[in-house]
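A quick write-up on the structure given underneath.
Every number in this text was worked out from the coordinates using simple rules, so none of it is lab data. Computed from a predicted structure; not experimentally measured. Note: ideal-geometry Cβ built from the backbone for every residue, glycine included; neighbour counts use all protein chains shown.
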Amino acid sequence: MENKDRKQPLLFKNFPSLKNNIPWIPLLTNLPTSINELRELEKRFEIQSPGGLYIKRDDKDHHIYGGNKLRKFEFIFAKILEEDKKGVMTFGGVGTNHGLACAIIAKELGLNCDLFLAHQPITWHVQRSLLLYDYFDANLHYAKSYGGLVLKGLWFRLTHSKYYMMLPGGSTLLGFGSPSGTLGFINAVFELKAQIEKGVIPEPDIIYVPCGSAGTAAGLIAGCKLLELKTKVHAVAVSTDLFASKSSIIKNSNKALKHLQKLDKSFPSVEVKSEDFELIKGYLGSEYGAKTKRGQKAIDIVMELEGQEKGFKLETTYTGKAMAAMLDYIQKESNKMKTILFWNTYNSNNLDQFLKETKFNFQKLPKEFHKFYNQYQYQCWQIKDCPNHKECDAYLNHEYRCWKVKRCSENTRQRCRAYEKLKNTIHLEDS
Ligand SMILES: Cc1ncc(COP(=O)(O)O)c(C=O)c1O
């Protein structure tokens, strides 16, 4: 198993002259991430030979916080260190997973971290994330809108020249910004190819992946094209059209490829075009972070059949929506013989030990965040005063509704005070 002591990424092994020109540090502690076959899901959806459903377990690529961001960070944080910065600043919604990953890695590397956070629908996941950013020593800044956030961020950058400004999601956006993050996912396709060659998975026809700031999808698309895989990436749009668009993805992929071509003359002159991938729309809901019925249903099915046993998690902002798109795709008779890989981008390590150490003291956060705690209750244990709630599986669970965790029958639910309250609070959009 490759680990943090590995000397170079597979991209450099294949193109050795890149090694001296591209900053990189080992951060991931569990590579290659495993690939599991989703046999129960295959049965439920009557997948037929030679087809199959698989999941790439990037959720376990790091011992504290797994997920897609860490692959980007091996290249981005290396650049930050090379530029001798003393801190990093980045942007996201108030519950940003990217921000949490950033805070954790900045702390590990002894860098300051400032997060610029914009409004998104408030959930326990958001409340929990804010406490964790603080736990990992990030400084928090808030604005109601992304416009306000950009202004605050730019001002901060102007007055803090020793900070590296990482764009939202660690991606190139609309062709602007460093392609470093995308390289992490081009590199990931080398890992996938090695797994295909070892027979861990047949060459996939399709990869399903959520598309937020588009860096993950862009890297996978560029990597598949570079390595001449037949695999077509289906990028499921889960954020605004501005970022999750075909043109944004193409710009992002090609900026990274051109960067590599410039640094190594032997690098193939491939270019990503619109027909190389699919952008799947219709799963976002009314806004970034909205919970949708289809997303929630997909999460419920997959968790019941696979996730609880295999120890991975899905959530409602990214992976649940990508999974909903994948399930819709395999419903169709003509798709039942396809080999499909779901690229799991969400951390599945348990962070409760850190959360408990915060003592849920939200008063420590800057004042503008307090209203997110005073006005909202999202969890049964915030509503019911169960004597042994700390031993209960639903306690602190931020991905699933308590009645799903506890597998409460319809009957039990109807008599439960928490269910009565939460069923109206947790709003699922029709989308
Ligand atoms: C769990 C998860 N999946 C997917 C994404 C989207 O990745 P990208 O921004 O590279 O499109 C994010 C971004 O924060 C994420 O947190």
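Between THR240 and THR159, full extension at 0.36 nm per residue minus the direct alpha carbon distance yields a gain of 26.2 nm. Counting only aspartates and glutamates at least 8 places from LYS421 when in the same chain, those with an alpha carbon closer than 17 Å to its own are ASP385, GLU410.
How would you rank 396-403, 314-321, highest first, on the average number of other Cβ atoms within 10 Å across their residues?
On the way: 396-403: 20.1, 314-321: 27.4.
Per-residue Cβ counts within 10 Å, averaged per peptide and sorted highest first, yield 314-321, 396-403.
Could you give the alpha-carbon Rg of the stretch 104-191 over 2.2 N^0.38 Å, rounded to two decimals? Let's see the in-between values first.
Working: Rg = 14.7 Å, N = 88, 2.2 N^0.38 = 12.1 Å.
So the Cα radius of gyration is 1.22 times the expected 2.2 N^0.38 Å.
Amide H contacts under 5 Å for LYS232: ILE206, ILE207, restricted to partners 5 or more places along the chain or on a different chain, H placed in the peptide plane at 1.01 Å from N.
A Förster distance of 51 Å, applied to the separation of the beta-carbon atoms of GLN363 and ASN20, puts the FRET efficiency at 0.55. With 31 Å as the limit, the listed pairs LYS273/LYS310; LYS13/LYS152; LYS232/LYS297; LYS144/LYS281; LYS230/LYS406 have LYS273/LYS310; LYS13/LYS152; LYS230/LYS406 beyond it between alpha carbons. For the pair the stretch 375-431 / the stretch 203-239, the C-alpha centres are spaced 36 Å from each other. Cβ-Cβ distance of ARG6 and SER274, R₀ of 30 Å, FRET efficiency by 1/(1 + (r/R0)^6): the value works out to about 0.25.
The stretch 46-123 and the stretch 137-176 have Cα centres lying 16 Å from one another. With the simple spin-label model, which puts each label point 7 Å out from Cα in the Cβ direction, the ASN350 to ASN388 separation comes to 1.7 nm.
Annotation: peptides 36-42, 247-253, ranked by per-residue average of other Cβ atoms within 10 Å with the highest first, follow the order 247-253, 36-42.
Pairs to check: LYS60/LYS255; LYS364/LYS390; LYS85/LYS265; LYS56/LYS198; LYS198/LYS251. Give those whose C-alpha atoms are more than 25 Å from each other in this structure. Kindly include the intermediate steps, with their values, before the conclusion.
Working: LYS60/LYS255 28 Å; LYS364/LYS390 23 Å; LYS85/LYS265 30 Å; LYS56/LYS198 15 Å; LYS198/LYS251 32 Å.
Listed pairs above 25 Å: LYS60/LYS255; LYS85/LYS265; LYS198/LYS251.
Summary value for the stretch 376-431: 39 percent relative contact order, contacts being C-alpha pairs under 8 angstrom separated by 6+ residues. The simple spin-label model puts a point 7 Å past each Cα toward its Cβ; for ARG407 and ASN374 those points are separated by 4.2 nm. Remark on the chain: CYS102, CYS113, CYS211, CYS224, CYS386, CYS392, CYS408, CYS416 stand apart, with no other cysteine beta carbon under 4.7 Å.
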